[in-house]
Amino acid sequence: MAAQYGIFSGSFGEDDVTWLESVEGFDAAYDRMKQIGTERPGKYFLFSRDARKALASIDTTDGKS
């Protein structure tokens with residue numbers, strides 16, 4: 001079974017983060033995070049419960065990626 005990654009909106013370590021969904025497998029989770037960022041520009045990050053840390057982040061605000 002592949003690891004689960006939580007997709008959150010906001011910036012890791014900030015108070016106003018929101019959990020969006022969990023996805024199995026890092027590559028699938030990263031692709032889903034990018035898809036969400038394309039549909040709703042903003043800041044997003046992947047959190048690994050196993051590693052207990054954020055492993056990737058994107059900022060699609062104003063055309064950033």
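Would you please name the trypsin sites (Lys or Arg not before Pro) within the chain that are DSSP coil residues with at most 11 other C-beta atoms within 10 Å of their C-beta? Each step should come with its number before you reach the end.
On the way: sites: ARG32, LYS34, LYS43, ARG49, ARG52, LYS53, LYS64; in loops: ARG49, ARG52, LYS64.
Answer by residue number: ARG49, ARG52, LYS64.
Give me the percent relative contact order of the chain, please, defined on Cα pairs under 8 angstrom at least 6 residues apart.
Details: 124 pairs, mean separation 21.0, N = 65.
In percent, rounded to a whole number, it is 32.
Report, by chain and number, residues whose modeled amide H sits under 5 Å from the one on LEU20, excluding near sequence neighbours (fewer than 5 apart, same chain).
When sequence neighbours closer than 5 places are left aside, the close amide H contacts are ILE7, PHE8, SER9.
Kindly provide the helix-only [θ] at 222 nm of the chain, computed as the sum of -39,500 (n - 2.57) over DSSP H runs of four or more divided by all residues, to the nearest 500 deg cm²/dmol? The partial results should precede the final answer.
Details: 1 runs with 14 residues, N = 65.
My calculation for the chain gives -7000 deg cm²/dmol from helical runs alone.
If you take the square roots of the eigenvalues of the alpha-carbon gyration tensor of the range 4-63 and sort them as a ≥ b ≥ c, do you get rounded (a/c under 1.5), prolate (a/b over b/c) or oblate?
Working: a/c = 1.99, a/b = 1.25, b/c = 1.59.
Taking the square roots of the gyration eigenvalues as a ≥ b ≥ c, the range 4-63 is oblate.
Once phi is turned into ³J(HN,Hα) by the Karplus curve 6.51 cos²θ - 1.76 cosθ + 1.60 with θ = phi - 60°, what whole-Hz value does each residue of the range 12-18 show in order, with x for glycine and proline?
Running phi through 6.51 cos²θ - 1.76 cosθ + 1.60 with θ = phi - 60° gives 4, x, 8, 7, 9, 7, 10 Hz.
Rule-based calculations on the coordinates, nothing more; no lab input. Bear in mind that the values here come from a model prediction, so they are computed numbers and not experimental data. All Cβ positions, glycine included, derive from the backbone under ideal geometry; neighbour counts span all protein chains shown.
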